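Trainee: Please find one structure pasted underneath; my questions will follow.
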Amino acid sequence: MTAKIIDGKALSHKLRQDFKREADELRLRGINPGLAVILVGDNPASRVYVGNKVRACEECGVHSSSHVLPVDTSEAELLQLIAKLNADDTVHGILVQLPMPAHIDVRRVLEAIDVDKDVDGFHLYNVGALATGNTIFPPCTPYGVQLLLETTGIDVAGQNAVIVGASNIVGKPMALMLLQKEATVTVCHAKTRDLAQHTILADILIVAAGKPGLIVPQMVRRGAVVIDVGINRLPDGRIVGDVDFEGVKKKASWITPVPGGVGPMTVTMLIKNTLSSAHRRGGEGAGIGSMGWDAPTVQGH
């Protein structure tokens, strides 16, 4: 058996073409969708991520504005900028690039963002509302993973889904989304004993631990669907995931590559959330626009 590749790059490209048409239609109605990105400091990786998001906006016809602040920017100054963007009707989404300098309270900053502009899905309301199915904006990475599964035709209902990694950004919201789709979900983390005894039972294995090569073939059930969310740079410069791709693809039925799997979808779903916000601000509800598919999260979105 050799796994079929779940091509996130190709799906992302298709979606962005659809988003471009959606953004054009919004402008015809007098709504110019806009995303504001805030970066504090000069973290090289963060600058790359911000650049990717700005380019994605340009590709999709979404206006973007970047606010790059010095590393010594005070928390009060940052909160003042967020308040200004909250009040700006031309801004439909606000994203604060993480990580932040140590002197800034990340939770306070994220909760200062207007929940109707929290397109990253990190506000306390959006994260908590996943439990009841009333989130406004799903976190972008789990949102992208769920769409990859749906467009590949993988029905998660009744399947054993195992998530390796319990972060607030990926693991926990991913578990809630899968529960809404009636999967049986197990979440593993750094304190999990004998990780392999859990992963070997997975029909769907989602790995977001940040440890290159963590998942090896003997930990994967034959025919499993494997979604690798990890992005790790090795000393030789190569980018790899958390899964031994070459080994595991010989046992899995479907697998995402790194790069080119989940990564492109994360940025693409940020654009989707921004367009949804523009629809909401335009009095059109959540608004799927011209996409032709239902939001793959929960009722109420």
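The values are calculated or read from the model by the stated rules, or taken from the named source; none is laboratory data. As the structure is a computational prediction, the values presented were derived from the model and not from experiment. Backbone-built Cβ (ideal geometry, glycine too); neighbour counts: all protein chains shown.
Trainee: If we scan the range 249-260, do we find a residue that is closer than 20 Å to T151 by Cα, of a type in the set (G, A, S) and touching an Asp or Glu at 6+ places or on another chain (Cβ under 8 Å)?
Mentor: yes
Trainee: Still on this structure, please answer the following. Would you mind stating whether G158 is surrounded by fewer than 16 Cβ atoms within 10 Å (Cβ to Cβ), closer than 20 Å to T132 by Cα and in contact with a strand residue (DSSP E or B) (Cβ under 8 Å, 6 or more places away or on another chain)?
Mentor: yes
Trainee: Just to be sure I understand, how many residues within the range 232-257 are surrounded by 21 or more Cβ atoms within 10 Å (Cβ to Cβ), in a loop (DSSP other than H, G, I, E, B) and in contact with a helix residue (DSSP H, G or I) (Cβ under 8 Å, 6 or more places away or on another chain)?
Mentor: So the count comes out to 1.
Trainee: Moving on to the next point. Of the residues in the range 19-43, how many are surrounded by 19 or more Cβ atoms within 10 Å (Cβ to Cβ) and charged (D, E, K, R)?
Mentor: Summing the residues that are surrounded by 19 or more Cβ atoms within 10 Å (Cβ to Cβ) and charged (D, E, K, R) in the range 19-43 gives 1.
Trainee: Just a yes or no: is a residue in the range 93-103 surrounded by fewer than 17 Cβ atoms within 10 Å (Cβ to Cβ) and in contact with a Lys or Arg (Cβ under 9 Å, 6 or more places away or on another chain)?
Mentor: Scanning the range 93-103, I find no residue that is surrounded by fewer than 17 Cβ atoms within 10 Å (Cβ to Cβ) and in contact with a Lys or Arg (Cβ under 9 Å, 6 or more places away or on another chain), so the answer is no.
Trainee: Are there helices (runs of 4 or more DSSP H) fully within the range 1-89 with at least 2 residues that are over 20 Å from the mean Cα position of the chain (by Cα) and either in the same structural domain as V258 (by TED's automatic domain parsing) or modelled with pLDDT of 95 or more (or both)? List them.
Mentor: Counting at least 2 such residues, we get 8-28, 75-86.
Trainee: Out of all the residues in the range 237-246, which are of a type in the set (D, E, K, R) and at pLDDT 95 or above?
Mentor: D242, D244, E246 - these are the residues of the range 237-246 that are of a type in the set (D, E, K, R) and at pLDDT 95 or above.
Trainee: Now, a different point. Would you tally the residues in the range 117-155 being among the hydrophobic types (A, V, I, L, M, F, W, C) and touching a strand residue (DSSP E or B) at 6+ places or on another chain (Cβ under 9 Å)?
Mentor: The qualifying residues number 7.
Trainee: For the range 44-85: of the residues being among the acidic types (D, E) and farther than 21 Å from T141 by Cα, which is surrounded by the most Cβ atoms within 10 Å (Cβ to Cβ)?
Mentor: Per the criteria, the residue is E75.
Trainee: Which one is surrounded by the fewest Cβ atoms within 10 Å (Cβ to Cβ) among residues in the range 105-146 that are hydroxyl-bearing (S, T, Y) and modelled with pLDDT of 95 or more?
Mentor: Checking each candidate, the answer is T141.
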